[in-house]
Amino acid sequence: MATIFTEPSRTFSEYLLIPNLTPTEHRPDRVDLTTPLVRFKKGSQPEMHLSIPLVSAVMQAVSNHSLAIALSRCGGLSFIFHSQPIADQVAMIGRVKNFKAGFVVSDSNLKPDQTLKNVRALADRTDHTTMAITEDGTAHGRLLGVLTGRDYKPWDIDLNISVAGIMTPFEDLIYANEGITLHEANELIYRHKLNSLPIVDSERRLVYLVFRQDYDKHMENPDELIDAEKRLMVGAGINTRDYKERVPALVDAGADVLCLDSSDGFTEWQKKTIQWVKANYGERIRIGAGNVVDGEGFLYLANAGADFVKIGIGGGSICITREQKGIGRGQASAVIDVAHTRDEYFDQTGEYVPICSDGGIVHDYQILLALAMGADFVMMGRYFSRFDESPGKRLRIQGNYVKEYWAEGSNRARNWQRYDLGGEEMLSFEEGVDIYVPYAGNLKDNLQTTLSKIKSTMCNCGAQAIKELQEKARLTIVSYTTIREGAVHDVIAKENEIGPSL
C-alpha cells in the first residue's frame, strides 16, 4: 500500500507571521540580510555568501547576463540558463565577469587598420564603447591608442573610415605603468577627469584598463557580490546530460557556482553529476542540486555532495508539473520538512547545507515566510522576469506594458534535457506555459522596495538577521476568510482616479 501523508500540503498563502516585541534598537537600516550560499563546517564561515537572500531562476526568460549584472550589483546572484549552446552560456558568463573588475583585461580590441564598420560590429557584440587599439588587435598587444564613442558620430555613414584616423593616439593618452595600485589608478582617473585609464608594461603592451564607472558603481552598490578579484559573481545552470563538456567550459569562463536544474532532483542522474564534479574539481567549484520536496530527497543530495539544495516541485507561477504528472508538494510544507532535516543533518555531521526555496512566491511577504520556515535564500522567476534587465520582450497589450515570460518546460524553451528521465527521447509533453507578466521597470528600484518590506517585517518579528528570524519567528495557519479579511473588502473601489495597476 502507498505511504499516505495525512497532514495537508500547505502553501505560503496559508500562513501569516505573528509579531514579536520590536526593541527600540531594531531598525530596518540595521538589519543584516547576509546568508550562506554553500555548505560549510560548524565553527567556520561559508566560502560563499549572498548579501541578500535572493537568486534568479535558471530560465531563458529570466537569467541572462544583463539581469545577472544588475542582481549581483545589488547583492544577489543569477544562475545563467543552460538551455542554450555551451558557447553561448560561456559568453554570458564572460560578460558578467568582465563587467566589473577593478583592473580589467580588455575584451574589446581592434587593430589600427580596421574600420568604423568593425567598430560598430564589436560594439553590438560586447555593448562596450571603449576599445583598445593595439598593434595586433589583442588584449595585450602594443598599445597604439584608445577609441571611445566620443571619437565618432553615431550617424556616420562612411563605414570605411580607418580606426587610426579617429582614435586618440597613445601620445595623447594619460596612462599608468604596471604595478600601480587600484587606489592610485582611481586617483589618476579623478584628477584628470578620465573615463578610463590604460595600464601598460615596460614595452608599452596593454595590461589592464581601469574604468571610472566601476568605482562609481561600487559606491552606489555597497552590497554588490564580488569575488576575490573584485569581479561580479555569477552562477551557471547545468544539466545531467552534457555536464562533462559544459562544466569545464563554464569553470574556465569564471562561473563562481553551478546549479543542477531539474523539476525533480531526487535522481541517480543528479548524484552521478555531483560526484563527477567533485571528483574533477574538489572544493574548487561548488554545485547546488534539486529540486526536492522532502527530507529524504534532501539527504540523498546532501550525502552525494551537493553544496546547497533547492526545494520545490510545481509551485512556480507558470509550472504545470503537478497538473501534468501529479507530483509535488505545497511549498510551505516542503520547506518546513526539508529545513527540519537540514538542521538534523547539521547536528549529526557538523556540516550545514543551505536550502533554497524555489517557487510558490506571489507576494513580497512570502519571501519572509520562506526564510522564517528555514530557507536560507529563495529563487524566483516571475519576480525578475518583469524587469528591464530580463531577456523577454516588452510589449504593449490593451494599453498596458507587459513582458514575455515562458517556462523551461514549455515548447518555446524546448528544454527536454531538464525534464527527461535519462533516455534519448525528446520531451513529449509540456510542464510549463508561455505567458505575459506586468512590466515593472528596472530591477534596482523594485528590489529596494522588496528589501525594505523584508527588513521592516523582520523588525516586527524582533529579528535583525535571517538566522535570528528563524529562531524567533511565530507562524499561524490562516483560513480563507482570514485571507479575505486581510485584503481590501466590503468597500466600493474608486475607479478612474488612479492609473491602471501594473
Let me know the charge dipole size of segment 64-150 about its Cα centre in debye, to the nearest 20, where only the beta-carbon of Lys, Arg (+1) and Asp, Glu (-1) is charged.
220
Quick check: at a probe of 1.4 Å, how many percent of the accessible area of the chain sits on carbon and sulfur atoms?
51
For the chain, which span is the longest to avoid every loop-located (per DSSP) member of chymotrypsin sites (Phe, Trp or Tyr not before Pro) having at most 15 other Cβ atoms inside 10 Å?
156-428
Check: the chain dipole with +1 on Lys, Arg Cβ and -1 on Asp, Glu Cβ, in debye:
380
In square angstrom, what is the accessible area per residue of the chain with a 1.4 angstrom probe?
48
From the P(r) of the chain, could you give the percentage of C-alpha pairs in the tail past 31 Å?
50
Using 0.36 nm per residue of separation minus the Cα-Cα distance, give me the extension gain between residue 174 and residue 296 in nm, one decimal.
37.8 nm
Fraction of beta bridges assigned by DSSP in the chain that are antiparallel (%, nearest 5):
50
So which GluC sites (Glu not before Pro) in segment 206-261 are both in a DSSP loop and have at most 15 other Cβ atoms within 10 Å of their Cβ?
229
Under 14 Å Cα-Cα from residue 403, which aspartates and glutamates qualify once same-chain neighbours fewer than 8 residues away are excluded?
388, 389, 434
For segment 115-231, the percent of all C-alpha pairs falling in each 5 Å bin, from 0 up to the bin holding the max distance, is 2, 10, 19, 21, 20, 15, 9, 4, 1
Output ³J(HN,Hα) for segment 249-257: one whole-Hz value per residue in order, computed from phi by the Karplus curve 6.51 cos²θ - 1.76 cosθ + 1.60 with θ = phi - 60°, and x for Gly and Pro.
5, 5, 5, 4, 6, x, 4, 7, 7
Can you list the residues of segment 269-294 with backbone N under 20 Å from a point 7 Å past the Cα of residue 346, pointing along Cα to Cβ?
287-290, 292-294
Between their Cα atoms, which of 244/278; 153/193; 193/230; 244/271; 244/272; 117/153 are more than 18 Å away from each other?
153/193; 193/230
Please give the contour-minus-distance gain from residue 202 to residue 3: 0.36 nm per residue of separation, less the Cα-Cα distance, rounded to one decimal in nm.
64.3 nm
Taking 8 Å as the Cα distance limit and 6 or more residues as the minimum spacing, I'd like the relative contact order of the chain as a percentage.
20
With N residues in segment 1-66, what two-decimal value do you get for its Cα radius of gyration over 2.2 N^0.38 Å?
1.75
Within the chain, longest stretch clear of exposed trypsin sites (Lys or Arg not before Pro) (DSSP loop, no more than 10 other Cβ within 10 Å):
194-392
Can you tell me the length gained on complete extension of the stretch residue 153 to residue 362, counting 0.36 nm per residue apart and subtracting the Cα distance?
70.6 nm
Rounded FRET efficiency, nearest 0.05, which uses the C-beta distance separating residue 18 from residue 188 and R0 of 51 Å
0.35
Rounded to two decimals, the Debye log10 I(q)/I(0) of segment 213-298 (Cα scatterers, no solvent) at q = 0.22 Å⁻¹ is -1.01
Farthest toward positive dipole pole in the chain [+1 Lys/Arg, -1 Asp/Glu at C-beta], among 402, 477, 359:
402
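The values are calculated or read from the model by the stated rules, or taken from the named source; none is laboratory data. Since the structure is predicted, the reported quantities are computational estimates derived from the model, not experimental observations. No Cβ is skipped: glycine too gets one built from the backbone with ideal geometry, and neighbour counts run over all protein chains shown. With ligands, DNA and RNA removed, areas are computed over all heavy atoms of the protein, side chains included. Shrake-Rupley method; radii C 1.70, N 1.55, O 1.52, S 1.80 Å.
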